[in-house]
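Below is one structure, written out as structure tokens, with a few remarks after it.
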Amino acid sequence: MKKLEGVYISDALANVGAYANYGAHFAKAVAFLQRKDLKVLPLGRYELDGTNAYAMVQEATLRPWDGGKPEVHHDYFDIQLPLSGEETIGVAVFDPKTPGEFDEEKDIGFYDVPVEPLALRPGEFAILHPETCAHLPCCSEDAPGMKIRKIVVKVRK
């Protein structure tokens, strides 16, 4: 397990059950991530607990490590889980008082803050905290342009 208190946690998928009580709405998210058929689920959105928890099975093209501005959420934890290919997520401690534009309706803001790499492989996941974790998903230090399949679970704080 790798951890930056109050910002993010990364761990092996085999350990995901330990996080069922991490927050008020984590139990159904964890149950979803314990499914045996994750790799073959069709692309799309999966309702887990109304607006409190939902999952998105996605395909993405990895961008170069130095591309883009990190995102921040106020209302939702992100659980990021690559299903194929290695993904590097940029992570940074974020001060919620940082000036910038935030879209409350979409629960996302983009900020120009420096990030550190967090590599995730299939079988590993990261929990990214709302408000205190700026993150830049879908990056690669070694293979920009590579396509990956991943799951992002949104869990209301």
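We did not get these values from a lab; they are worked out from the coordinates using the rules stated. All values derive from a computational prediction rather than experimental measurement. In this analysis, Cβ positions are derived from the backbone assuming ideal geometry, glycine residues included, and neighbour counts consider all displayed protein chains.
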When the dipole is taken about the Cα centre of the chain, and only Lys, Arg (+1) and Asp, Glu (-1) are charged at their Cβ, what size is it in debye, to the nearest 20?
680
Among D37, D11, D142, whose mean-square fluctuation peaks in a Gaussian network model of the chain (Cα, cutoff 10 Å)?
D37
Subtract the Cα-Cα distance of W65 and D103 from 0.36 nm times their separation in residues, and report this length gain in nm to one decimal.
11.2 nm
With an 8 Å cut-off on Cα pairs and a minimum separation of 6 or more residues, tell me the relative contact order of the chain in percent.
35
Along the range 88-98, what does the Karplus equation 6.51 cos²θ - 1.76 cosθ + 1.60 (θ = phi - 60°) give for ³J(HN,Hα), rounded to whole Hz, x for Gly and Pro?
9, 10, x, 10, 8, 5, 10, 8, x, 7, 4
In order over the range 119-135: 3J(HN,Hα) from phi, Karplus 6.51/-1.76/1.60, θ = phi - 60°, whole Hz, x for each Gly or Pro, gives 7, 10, 10, x, x, 10, 9, 9, 9, 10, 6, x, 6, 10, 10, 7, 9
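At 20 °C and 1.002 mPa s, what whole-number value in µm²/s does Stokes-Einstein give for the translational diffusion of the range 2-156, with Rh from the Kirkwood sum over Cα pairs?
Numbers: Rh = 15.6 Å.
For these conditions, the coefficient is 138 µm²/s.
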Need the full-extension length gain, R121 to K2, defined as separation in residues times 0.36 nm minus the C-alpha distance. One decimal, nm.
41.5 nm
I want to verify a result. In a Gaussian network model of the chain, Cα cutoff 10 Å, which of these has the top mean-square fluctuation: P99, P64, P144?
P99
GNM, the chain, Cα, under 10 Å: largest mean-square fluctuation among L118, L83, L41?
L41
Sites L41 and N15, calculated FRET efficiency, Cβ-Cβ separation with R0 35 Å, nearest 0.05:
0.95
Taking each pair of distinct Cα atoms in the range 77-157 once, what is the resulting Kirkwood hydrodynamic radius in Å?
13.5
Taking F110, F26, F32 and counting other beta carbon atoms within 10 angstrom, the fewest-first order is F110, F32, F26
Nearest-0.05 FRET efficiency for D75 and A31, computed from C-beta distance (R0 22 Å):
0.55
Per-residue HN-Hα couplings for the range 34-51 [Karplus 6.51, -1.76, 1.60; θ = phi - 60°; Hz; x = Gly/Pro]:
8, 4, 7, 9, 3, 5, 10, 5, x, 4, x, 9, 10, 6, 10, 7, x, 7
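Given the pairs K2/K106; K2/K69; K3/K69, which are separated by over 26 angstrom at their Cα positions?
K2/K106
Kirkwood Rh, Cα Rg: Rg to Rh for the range 1-92?
Checking Rg against Rh, the ratio lands at 0.93.
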